[in-house]
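Undergrad: Handing you this structure, nothing more for now.
The values are calculated or read from the model by the stated rules, or taken from the named source; none is laboratory data. Source: prediction; values computed, not measured. Cβ: placed from backbone, ideal geometry, glycine included. Neighbour counts: every protein chain shown.
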Amino acid sequence: MTKPSNTVKAPKVAIIGGGPAGLMAAETLSLAGIHVDLYDAMPTVGRKFLMAGKGGMNITHSEALTPFLSRYGAHQAHIAPLLDVMSPQALREWIHALGIDTFVGSSGRVFPTDMKAAPLLRAWLHRLREAGVHFHMRHRWIGWDNRNLKFSTPDGELTFDADAVVFALGGGSWARLGSDGAWVNLFSHLKISVSPLKPANCGFNTHWSEHLTSRFAGTPLKTIEISIIDEHAQTHRKQGECMVTANGIEGGLIYALSANIRNTIDNYGEATIFLDLLPDRSLEQVLADVMHPRGSRSLSSHLQSRLGIKGIKAALLRELVSAQDYKNPTKLGNAIKALPLKLTSTRPIDEAISSAGGVNFECLNEHLMIKALPGVFCAGEMLDWEAPTGGYLLTACFASGRSAGLGVIDWLKTKETRNKSPSEIKCAR
């Protein structure tokens, strides 16, 4: 008579999405001895990660944790526990363990020594494969078949029965690299609360004259300060540079204020930002120079001689100041220090560096597991948060992947895997 087997089936975990969050979840699980299958719709993993590193791989930031957390705005309370799991310093140490050195730039941003993303990704993938992670490329998740995950592949549809799942499908920007937001409908159909995806770290549209766009589209606007007053009458201001485009304005300085600008447009249909063309000079100094006798010189020559205003800055004054105010020294001086620019809409989400919106944290427990669907976790940019560029985006993606991976380990250890149909989800909007 054959005795019944007491062998316990080893758990299988599916990671869906091969960006930093998904890869970090895979590493966390595989190092704990758990079988991991990672699925991605693209031919290779980390495509957006590699693209983000083309201009220099800004991996994190060196500032203290309190100001670091403030960069996440209204969502910092949700991000703080994730950074407790993997802090910016812990992220640097993790990179060093891959054999990649880092340095802190003059702005406080942290980069790999060679400034490249590819060597870091290669070393990481080698370690993951050595740890036993199985990669399944060109496998697009298309929903569930009862309790099984369903994928579209070059060989047709297939299903996978996982004991736990980590979704790390990204946001809605850069669809060509895999972050197309197609998962939103699948989640919303199951009544999982998802805030609409919106552009973040994006450019904005305005109505330039043909003269300005023909001469200055693509021109950098350097050493300025931009301010905006939000719906709570609070002024947000940043100094740096941006770029005039054929459709409006974009660049690092605009990205840093993009959440405030976008929210103002959403609330009021438009937003007015104020450009300080000479942030290193006081209003009194500017007015004194504008009012200084100019003799026979033209006003444009006078502004260039006394204030260094020329090129794109001079063109913006002509564009945005009425002819009557341009001739009024007091109004012209005030415009130089606070030049109003009306922005009408964001650029398309697919042009944005990142996106806001996603799965609401209220649907998740402290380990990023969907409360109404035990064993299903979410990580990365598909969660409802946003941050400016400067290393904050990647840091939170890595940290959320680590948190979700640890959450899976804890769940597998402390609870018997339940078979629960996605149709039973009752997460209220």
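Undergrad: Do the conditions hold for L186, that is, is it modelled with pLDDT under 95, within 23 Å of P20 (Cα to Cα) and not acidic (D, E)?
TA: Taking the combined requirement at face value, the residue satisfies it.
Undergrad: Is it true that some residue in the stretch 163-183 is basic (K, R) and within 17 Å of G358 (Cα to Cα)?
TA: Our first condition is that a residue be basic (K, R); within the stretch 163-183, this holds for 176.
Applying the additional criterion that residues be within 17 Å of G358 (Cα to Cα) yields none.
Within the stretch 163-183, not a single residue is basic (K, R) and within 17 Å of G358 (Cα to Cα).
Undergrad: Taking into account only those residues within the stretch 145-160 that are more than 16 Å from G17 (Cα to Cα) and in contact (Cβ under 8 Å) with a residue 24 or more places away in the chain, which is surrounded by the fewest Cβ atoms within 10 Å (Cβ to Cβ)?
TA: N146
Undergrad: May I pose another question? Of the residues L275, L317, L283, L307, which single one is farther than 19 Å from A356 by Cα and in contact (Cβ under 8 Å) with a residue 60 or more places away in the chain?
TA: Of the residues listed, the single one that is farther than 19 Å from A356 by Cα and in contact (Cβ under 8 Å) with a residue 60 or more places away in the chain is L275.
Undergrad: Could you grab me the full set of residues in the stretch 342-351 that are surrounded by fewer than 18 Cβ atoms within 10 Å (Cβ to Cβ) and out of contact with any Asp or Glu (no Cβ under 9 Å at 6 or more places or on another chain)?
TA: P348 - this is the single residue of the stretch 342-351 that is surrounded by fewer than 18 Cβ atoms within 10 Å (Cβ to Cβ) and out of contact with any Asp or Glu (no Cβ under 9 Å at 6 or more places or on another chain).
Undergrad: Shifting gears a bit: Out of everything in the stretch 343-374 that is assigned to a strand (DSSP E or B) and not small (G, A, S), what residue ends up being nearest to G73 (Cα to Cα)?
TA: Here is the first cut: in the stretch 343-374, the residues assigned to a strand (DSSP E or B) are 343, 345-346, 354-359, 364, 369-370.
Filter once more, so that each one left must be not small (G, A, S): 343, 346, 359, 364, 369-370.
Values: L343: 22, T346: 19, V359: 17, L364: 19, M369: 23, I370: 23 Å.
This residue is V359.
Undergrad: Follow-up question, since we're still on this one. Among (1) closer than 29 Å to F204 by Cβ; (2) part of a strand (DSSP E or B), which single condition is F377 missing?
TA: Among (1) closer than 29 Å to F204 by Cβ; (2) part of a strand (DSSP E or B), the lone unmet condition for F377 is (1).
Undergrad: Follow-up question, since we're still on this one. Would you tally the residues in the stretch 273-302 being out of contact with any helix residue (DSSP H, G or I) (no Cβ under 8 Å at 6 or more places or on another chain), exposed (fewer than 14 other Cβ atoms within 10 Å of the Cβ) and not in a helix (DSSP H, G or I)?
TA: Number satisfying all stated conditions: 6.
Undergrad: Among S106, S179, S209, S173, which is the only one that is among the small types (G, A, S) and at pLDDT 95 or above?
TA: S209
Here is a yes/no grid of residues against (1) under 19 Å from R402 (Cβ atoms); (2) modelled with pLDDT under 95; (3) assigned by TED's automatic domain parsing to the domain that holds S258; (4) among the small types (G, A, S):
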| position | (1), (2), (3), (4) |
| --- | --- |
| F49 | yes, yes, no, no |
| G55 | no, yes, no, yes |
| T60 | yes, no, no, no |
| E63 | no, no, no, no |
| T66 | no, no, no, no |
| A74 | no, yes, no, yes |
| A77 | yes, no, no, yes |
| A80 | yes, no, no, yes |
| M86 | yes, no, no, no |
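Undergrad: Quickly run through the stretch 244-259 and pick out the residues that are surrounded by 20 or more Cβ atoms within 10 Å (Cβ to Cβ) and either over 19 Å from E270 (Cα atoms) or of a type in the set (A, V, I, L, M, F, W, C) (or both).
TA: Once the filter is applied, which keeps residues that are surrounded by 20 or more Cβ atoms within 10 Å (Cβ to Cβ) and either over 19 Å from E270 (Cα atoms) or of a type in the set (A, V, I, L, M, F, W, C) (or both), the stretch 244-259 yields V244, I249, L253, I254, A256, L257, A259.
Undergrad: Quick check on S173: is it of a type in the set (S, T, Y), more than 30 Å from R318 (Cβ to Cβ), buried (at least 22 other Cβ atoms within 10 Å of the Cβ) and touching a Lys or Arg at 6+ places or on another chain (Cβ under 9 Å)?
TA: Considered against the rule, which asks whether it is of a type in the set (S, T, Y), more than 30 Å from R318 (Cβ to Cβ), buried (at least 22 other Cβ atoms within 10 Å of the Cβ) and touching a Lys or Arg at 6+ places or on another chain (Cβ under 9 Å), S173 comes out as yes.
Undergrad: A further question on this structure: Within the stretch 17-53, how many residues are outside any helix (DSSP H, G or I) and either free of Cβ contacts under 8 Å to residues at least 40 places away in the same chain or of a type in the set (A, V, I, L, M, F, W, C) (or both)?
TA: The qualifying residues number 9.
Undergrad: Could you pull out every one of the strands (runs of 3 or more DSSP E) wholly within the stretch 182-268 that has 1 or more residues that are within 30 Å of I370 (Cα to Cα)?
TA: Counting at least 1 such residues, we get 194-200.
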